[in-house]
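One structure below.
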Amino acid sequence: MLGKLVHQIKNQDKKNTGYFADGSRRYPVARLRFNVSNGEVRGMSLFALLYPSKTLSDMYLPIESLNNHESLEVIEKSVRLKLKEKLAIIEEKYGDSGNNKEDARWYYLAPMLMDGVIYAKHWIEDIVWEMNTDEEDTTSEVRSSSKDKRNKGFIAHIDKLRSYLDAPEEIHLGRKPEDLLETLVNMVLGSPAICIYRSNGRSTARATSLAKVFVNNFNLRSQQLSLILLMADAGMIIPTGRMYLNTVKMAVFRQ
């Protein structure tokens with residue numbers, strides 16, 4: 001099946017898909033990264049996997065749901081209703097009714113604005129401190145023995161995020177993405193940062209640190225990831241970030 005998919009994707013000659021691939025950049029390369037291109041940050045939505053939102057965490061109580069014998073469908077319906085209420089408040093306060101352009105900032109700013117700017121800024125300070133002790137991080141675009149160089153992309157994204165949180169009154173969100181609600185539902189139930197925060201002492205720094213381990217493993221497991229990404233390139237499944245959330249959610253609820 002892999003071979004069949006390779007022939008379906010564009011630029012197949014550029015895909016280093018062989019098991020014993022030539023060169024150092026075997027396909028697939030890490031997809032969940034804090035990339036910077038032409039001075040512009042390109043990976044802000046990755047914060048949706050690393051941000052331990054207390055508001056989203058509280059929307060699902062595993063023990064209570066287990067005791068009530070709730071199905072995944074029932075849980076998702078309950079979470080969906082709670083999210084709609086919160087999103088309506090965020091849209092009223094930060095939405096720009098005159099801007100009909102889809103705004104991807106909703107994915108990562110909505111949970112932070114639900115929690116409040118102070119909480120989100122404290123989280124930033126925590127992860128910047130933790131970053132200095134992180135030895136193996138595939139979410140950074142630059143692979144280097146120098147921590148400063150390796151974290152350059154991450155710092156650029158943090159600076160961009162800070163610029164929003166330092167002046168929340170200047171945040172004017174455009175139209176919500178069509179899949180925003182379902183993506184947030186998957187974050188509540190499957191975001192590694194939120195799941196860890198919910199179950200491991202509600203420590204924001206610990207939650208993000210361990211969530212980065214999950215993302216790193218996802219980036220590094222090229223054999224398992226090849227089929228998924230080839231399917232994505234062939235237009236057969238949803239984009240990587242949302243697919244990752246959905247995959248984690250389904251794994252959790254199979255247990």
* Asked: Among all residue pairs at least 6 apart or on different chains, which show Cβ distances below 6 Å where the first residue, located in the range 100-125, is more than 22 Å from ARG42 (Cβ to Cβ) and touching a residue at least 12 places away in the same chain (Cβ under 8 Å) and the second is of a type in the set (Gly, Ala, Ser) and not in a helix (DSSP H, G or I)?
  -> ASP115/SER53
* Asked: Among the residues of the range 107-127, is there at least one that is within 21 Å of the chain's Cα centre (by Cα) and outside any helix (DSSP H, G or I)?
  -> yes
* Among the residues of the range 37-57, which ones are in contact (Cβ under 8 Å) with a residue 12 or more places away in the chain and either more than 18 Å from ALA110 (Cα to Cα) or of a type outside the set (A, V, I, L, M) (or both)? -> VAL41, GLY43, SER45, PHE47, TYR51, PRO52, SER53, LYS54, THR55, SER57
* Structure fact -> Checked GLY3, GLY23 against criteria (assigned to a helix (DSSP H, G or I), over 23 Å from the mean Cα position of the chain (by Cα), modelled with pLDDT under 90 and surrounded by fewer than 15 Cβ atoms within 10 Å (Cβ to Cβ)); the one match is GLY3
* Asked: Could you count how many residues in the range 111-163 are touching a helix residue (DSSP H, G or I) at 6+ places or on another chain (Cβ under 8 Å), modelled with pLDDT under 70 and of a type in the set (Ser, Thr, Tyr)?
  -> 4
* Asked: How many residues are over 15 Å from ASN186 (Cβ atoms), touching a Leu at 6+ places or on another chain (Cβ under 9 Å) and not in a helix (DSSP H, G or I) when one looks only at the range 58-97?
  -> 2
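The values are calculated or read from the model by the stated rules, or taken from the named source; none is laboratory data. Owing to the predicted nature of the structure, the values given are computational and were not obtained by experimental measurement. So basically every Cβ, Gly included, is an ideal-geometry build from the backbone, and we count neighbours across all protein chains shown.
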